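The structure appears right after this line, and notes come after that.
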Amino acid sequence: MNQELRNQLEEVQLQNLDPSIWKQNKDFNPAASRAANSTLFMTMVDTKHAVVQLRNILDRLGDQLPYKKVYLWDLNNDQPGGQYGISYDMEGVVQELPYNTRAINRQKESLSMFTIDALNKMDKLPNGRTVEWEKYKNSFSYTYNNTLYTRKTKLVKVFHLS
């Protein structure tokens with residue numbers, strides 16, 4: 001992670017966020033309504049928008065986060081022009097989600113995160129039913145245009161809300 005982004009992340013305040021961020025950045029999709037009972041979500045964002053999107057999530061969705069934690073993941077392992085993932089659990093009926101957000105699941109032993117569509121495309125063991133989790137260790141897997149993508153993950157920071 002470059003030093004500029006690191007400095008900006010340090011400045012993210014978890015309380016009293018500026019409400020104008022919501023008005024200036026139309027990163028939320030109000031049409032994406034979903035019934036959820038503690039669902040894990042991942043919002044993918046490019047490096048230059050990571051701080052703004054993180055602030056949007058904390059500001060707009062903070063009261064729906066049952067564990068009061070937001071995780072920032074490096075999805076390109078510090079490669080230039082990379083992407084970050086912002087993961088968080090939400091409970092209740094979710095009325096709005098940021099664009100580029102997916103409901104995900106996790107496999108705790110391998111530290112893998114994945115969408116259901118990705119799970120259906122993952123390499124299986126010879127029995128054809130069990131996923132080879134070691135192959136997906138420390139990664140985020142998702143599908144786009146019916147193609148499976150897997151990115152190695154590295155935890156950048158955990159934000160604890162008060």
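The values are calculated or read from the model by the stated rules, or taken from the named source; none is laboratory data. Bear in mind the structure is a predicted one, so any value in this text is a computation, not a measurement. Here Cβ is always computed from backbone atoms with ideal geometry, including for glycine, and neighbour counts include all displayed protein chains.
Odds and ends about this structure:
- Scanning the stretch 88-104 for residues that are in contact with a helix residue (DSSP H, G or I) (Cβ under 7 Å, 6 or more places away or on another chain) and either farther than 24 Å from Leu61 by Cα or exposed (fewer than 14 other Cβ atoms within 10 Å of the Cβ) (or both) gives Glu91, Gly92.
- Test result for Phe159, among the hydrophobic types (A, V, I, L, M, F, W, C), within 23 Å of His49 (Cα to Cα) and modelled with pLDDT of 90 or more: no
- Once the stretch 27-54 is narrowed to residues that are at pLDDT 85 or above and part of a strand (DSSP E or B), the residue that is surrounded by the fewest Cβ atoms within 10 Å (Cβ to Cβ) is Asp46.
- Which numbered condition Ala118 misses (of (1) part of a strand (DSSP E or B); (2) more than 11 Å from the chain's Cα centre (by Cα)): (1)
- Number of positions in the stretch 111-152 that are in contact with a strand residue (DSSP E or B) (Cβ under 9 Å, 6 or more places away or on another chain) and more than 18 Å from Asp74 (Cβ to Cβ): 18
- Among residues of the stretch 121-151, those that are outside any loop (DSSP other than H, G, I, E, B) and either on the phi > 0 side of the Ramachandran plot or in contact with a Lys or Arg (Cβ under 9 Å, 6 or more places away or on another chain) (or both), counted: 9
- Residue satisfying condition, being part of a strand (DSSP E or B), over 21 Å from Thr47 (Cα atoms) and either touching an Asp or Glu at 6+ places or on another chain (Cβ under 9 Å) or touching a residue at least 24 places away in the same chain (Cβ under 8 Å) (or both), within set Met90, Met113: Met90
- Hey, Lys124 more than 21 Å from Ala50 (Cβ to Cβ) and surrounded by fewer than 14 Cβ atoms within 10 Å (Cβ to Cβ) or not: yes
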